[in-house]
1. Residue by residue through region 380-390, which ³J(HN,Hα) values in whole Hz follow from phi under the Karplus form 6.51 cos²θ - 1.76 cosθ + 1.60 (θ = phi - 60°), with glycine and proline marked x?
2. If I build a Gaussian network model for the chain, linking alpha-carbon pairs within less than 10 angstrom, which residue out of P75, P181, P304 has the largest mean-square fluctuation?
3. Which shape class, rounded, prolate or oblate, goes with region 262-361 when its Cα gyration tensor gives a ≥ b ≥ c as root eigenvalues, a/c under 1.5 marks rounded, and past that a/b bigger than b/c marks prolate?
4. How large is the charge dipole for the chain, taken about the Cα centre, if only the Cβ atoms of Lys, Arg (+1) and Asp, Glu (-1) carry charge, to the nearest 20 debye?
5. Could you sort the peptides 273-285, 133-145 by per-residue average Cβ neighbour count (10 Å cutoff), highest mean leading?
6. Just to be sure I understand: if I project the alpha-carbon convex hull of the chain onto a plane and average over all orientations, what area do I get in nm²?
7. Using packing as a proxy for protection, rank 220-230, 399-409, 35-45, 106-116 so that the peptide with the highest average count of other Cβ atoms within 10 Å comes first.
8. Of K193/K313; K56/K221; K56/K163, which ones are farther than 30 Å apart at the Cα?
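Just so you know, all these numbers are worked out from the coordinates, no wet-lab data involved. Worth saying up front: this structure is predicted, and the values here are computed from it rather than measured. Glycine gets a Cβ as well: all are built from the backbone with ideal geometry, and neighbour counts include every protein chain shown.
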Amino acid sequence: MPDDVKPPANGKDARKHDYTTRLSHAGRAGTHVHGFVNPAVHRGSTVLYPDMAGRKAAGNHRLDQYLVYGVMGGPTHYALEDMIAEIEGGTRCQIVSSGLAAVTVPLLAYLKSGDHCLMPDSVYGPARTFADGMMAGFGITTTFYDPCINAAGLRALLQANTKVLYLESPGSHTFEVQDVPALAEVAHAHGAKVLMDNTWGIHHFQPFTHGVDVSIQALTKYAVGHSDVMLGSITVNDDAEWETVRMATLSLGQFASPDDCWLALRGLRTMAVRMARQEKSTIEVAAWLQRQPEVAHILYPALPGAPGHDIWKRDFTGACSLFAIVMKPGFSQDAVFAMADRLELFGIGASWGGFESLVMPSGTTVPPGSLGVVRSAGTGQFGGEIVRLHIGLEAPEDLIADLRQAMDVLHSNTIGGAID
């Protein structure tokens, strides 16, 4: 293996340090070296070898982190992959071009024509669109299940050809927390693989200690942290899973720019402090909203009394800065849209995880998702308009003041008069 190519992270020696320390030091040459703090960006398509013996050796390592050809990755990719594997508690990571690619690649890796997949009814909209569209076209069937299903309920949905249990916990619009260990145990007993979108729980939820086989991240969110790069990651903790994911990635020609990987590495250095600040602010804003007469309830599992709080408290070490509020039934969609338009510090946007605060009204039953997707398992009825909020790095008192002045507009747009 060439000297400038790191071997896969084994996640042992480095983990004696605190998480924040590891984010500061992982993927770098070290402190006792002469050179710049940050690693260089390695761009390239062609890899040269000194002789044919070296070329032959490289060809024998096509599934490993080995310099062979640009699309297979290079030192900048490997540094980021090692860091994400470290954060996720896994051994190997594959960087891909977007969060959606991180969803679709492992689904195609583990499913073939004639197979059956189980997905939560609250799943990320484009993932649902992919299942209903391209996967269905390939002869793969999908059942969308209640995300709050228990082990017995899941067992009843298993079919002889069920090969994948897909999880997303919490859901990224309505924040249902799944009992991952219990559901994973059922899936494994059936011989199915467990894939999980862990973007909300990055760092706060260790997937492989809870029974997950493949962990999916939209690095676009907290890893990058500045709303300017699209990236995804697929992390595993087993050599066989690595081979399956790696081969699918190469077969599909998935590739991420080394410049984007470098920006993600830079974002990761401050992720711990950003997320800690954003979590603190989010709890403050959510607690304030919980007391407002216009709000029916809060969808944020870190808040005591919120749906899913008990499982969140058992399985998570913290929370991210994305949550939703359910408005009281008397407020119309037009009123909620007017409130969103009146906000000054919250941008109207669909992403999250960056430094800026965002608002996204979602309707009364389901998130808008992609291409107008709708739920089908009888879930998603919340009784009022849903508004998703992402809390950035602004002062929480300023965000609260902005929300208060914007919510005042609601009362001139009610159905059947003012709300008590």
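1. x, 8, 10, x, x, 5, 9, 10, 8, 10, 10
2. P304
3. Note, shape of region 262-361 comes out oblate.
4. The dipole of the chain has a size of about 760 debye.
5. Highest mean packing first, the order is 273-285, 133-145.
6. Convex hull of Cα atoms, orientation-averaged projection: 21.5 nm².
7. Peptide ranking by packing, descending: 220-230, 106-116, 399-409, 35-45.
8. Exceeds cut-off: K56/K221; K56/K163.
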